[in-house]
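Working notes, structure below.
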Amino acid sequence: MNKAALFDPAQSHPGRDEARRRHLVVGLLLALLALAAAGLFAGSEGWSWPEAGQAGLIVGRIRAPRTLGAGLVGALLGLAGAVAQGLFRNPLADPYLLGTASGASLAVVGVLAAGAGLGAAGLGWLLQIGLVGAAFVGALAGVALTLAFARGAGQPMRLLLSGVVVGVVLGAASDLVTTAQPEALRGRQAFMLGSTALLGWDAVAWLGAGLVLALPVAWRLARGLDVLGLGEDSAASLGVDLKRLRWVLVALIALCTGVAVAEAGLVAFVGLVAPHLVGRFAPAPQAFNLPASAAAGAVLLLAADVLARSLTAPAELPVGLFTALLGGLYLLWLLRRETP
């Protein structure tokens, strides 16, 4: 069970827990600053600072927005993961479980396939409309379909199972489209692996707006998440409107993952691992856990982004490969540690 989601003040040690939270905050801030600086120096030629005449172009238009955008994507996924784990009271809940990933993937594949069918002129017109917009709409459509199958957000287990079913069905639909139009397969693969290479200032503006909108709402609902962790009967007895709370939490997950996926593709494991790390190091009420998970997600994705563009420079690896590798290794270590 997620310790952060079920934080019990009666079992806490105030002095020690407070110290661990302070250490975590300081550590996350230092890591963010160090990784942000590394992102400004990591380029296609390895670790370097551009010449004076090119610094404004390379750093100001390429490295800086990419670094800031990667941090914002990670923050959105970390926040969505913490909300999802609190909503489902399950430490393995992932923000993609509600159908956002499969919906976005199908929308992107549909646009690429339609463009391939219409030829070069049609593809250019569709790309001008934007794969980003298609991915965002597809992500929200996936969540809407999940809610329709679950008959609302009132029953978390039904909602979770509906999300799994929708993911399988929409994933099969994506495979069917790429079978009919193989030209869309390469674009789908790039989307599925996740990438921060194309993040610019426009993307940073959208990602920042999403985080500015979602984080205060999530923080305001933190007490409701704490009470929900005690069980539905206890939450209802304390006067929590469970139906309204779940609807808003599902909307938050959809917003955060929809914006992140639209701009960076499917970045794996960040939304799952970030709340885990925060909860294991410093169990705390959700008012602390939610923003700390967002910061941890930003640190994880920034680290993966710096590795992706510096390890094999001038070639670059998809950032999703590093997050999947790091997240998978962490979960394997956790499984080995928890298994007697």
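The values are calculated or read from the model by the stated rules, or taken from the named source; none is laboratory data. Note that the structure is a prediction, hence the values are computed from the model and not measured. For neighbour counting, all protein chains shown are included, and Cβ atoms are generated from backbone atoms with ideal geometry for every residue, glycine included. All accessible areas refer to the heavy atoms of the entire protein, side chains included, with ligands and DNA or RNA removed. Shrake-Rupley method; radii C 1.70, N 1.55, O 1.52, S 1.80 Å.
Answer with yes or no whether Ala303 is buried (at least 24 other Cβ atoms within 10 Å of the Cβ), out of contact with any His (no Cβ under 8 Å at 6 or more places or on another chain) and modelled with pLDDT of 85 or more. So Ala303 does not fit the description; no.
Within the range 311-340, which residues are under 18 Å from Leu198 (Cβ atoms) and either open to solvent by less than 40 Å² (accessible area, probe 1.4 Å) or of a type in the set (A, V, I, L, M) (or both)? Selection gives Ala313, Ala315, Leu317, Pro318, Val319, Gly320, Leu321, Phe322, Thr323. Candidates in the range 183-207 are the residues that are open to solvent by less than 20 Å² (accessible area, probe 1.4 Å) and in a helix (DSSP H, G or I); of these, the one that is farthest from Arg63 (Cα to Cα) is Ala184. Going by the structure shown, is Phe281 under 11 Å from Ala82 (Cβ atoms) and open to solvent by 10 Å² or more (accessible area, probe 1.4 Å)? For Phe281, the condition - under 11 Å from Ala82 (Cβ atoms) and open to solvent by 10 Å² or more (accessible area, probe 1.4 Å) - is not met. Scanning the range 233-250 for residues that are open to solvent by less than 70 Å² (accessible area, probe 1.4 Å) and among the charged types (D, E, K, R) turns up just one, Arg246. Among the residues making up the range 1-51, those that are modelled with pLDDT under 80, open to solvent by 80 Å² or more (accessible area, probe 1.4 Å) and more than 25 Å from Thr196 (Cα to Cα) are Met1, Lys3, Pro9, Ala10, Gln11, His13, Pro14, Arg16. When the range 158-182 is limited to residues that are among the β-branched types (Val, Ile, Thr) and open to solvent by 90 Å² or more (accessible area, probe 1.4 Å), the one that is farthest from the chain's Cα centre (by Cα) turns out to be Thr179. Scanning the range 298-335 for residues that are among the β-branched types (Val, Ile, Thr) and outside any loop (DSSP other than H, G, I, E, B) gives Val299, Val306, Val319, Thr323.
Only one of the numbered conditions (1) open to solvent by 20 Å² or more (accessible area, probe 1.4 Å); (2) modelled with pLDDT of 85 or more is violated by Ala150, and that is (1). When we screen Leu68, Leu72, Leu87 for residues that are touching a residue at least 40 places away in the same chain (Cβ under 8 Å), within 22 Å of the chain's Cα centre (by Cα) and surrounded by fewer than 24 Cβ atoms within 10 Å (Cβ to Cβ), the only hit is Leu68.
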